[in-house]
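All of the numbers you see were taken from the coordinates with simple rules; none came from a lab. Nothing here was measured: the structure is a model prediction, and the numbers come from that model. Backbone-built Cβ (ideal geometry, glycine too); neighbour counts: all protein chains shown.
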Amino acid sequence: MGETEVVDKQWHHVGCVFDREKLKAYVYLDGLLDGEADIPAGFGSMQHFDPLRLGIGAAAMLVEMDEVLI
């Protein structure tokens, strides 16, 4: 969803905002808007206890996260 490929092995701040009224998701990289996407109507509840994953299916990444705020 983001436009920037991050391959510099440095720490970065990544944020994602879901706007259910506009049916949009926004990704921020180091404080700057880096991409947006439409989210389908009925996207689902944001209240669950499933593991937090980055990516989808086999593309999910094993990463280190610090100072996570949800």
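Rounded to the nearest 0.05, what FRET efficiency do Asp8 and Ile39 have when you use their Cβ-Cβ distance and R0 = 25 Å? Each step should come with its number before you reach the end.
On the way: r = 29 Å, r/R0 = 1.16.
With a Förster radius of 25 Å, E is 0.30.
How far is it, in nm, from the label point at Met1 to the one at Phe18 when both lie 7 Å from their Cα along the line to the Cβ?
Output for this residue pair reads 0.8 nm.
Applying the Karplus parametrisation 6.51 cos²θ - 1.76 cosθ + 1.60 with θ = phi - 60° to the phi angles of the range 30-44, what ³J(HN,Hα) value in whole Hz is obtained for each residue in order, glycine and proline being reported as x?
For the range 30-44, the Karplus-derived couplings read 6, x, 10, 4, 10, x, 8, 8, 6, 10, x, 4, x, 3, x Hz, x marking Gly and Pro.
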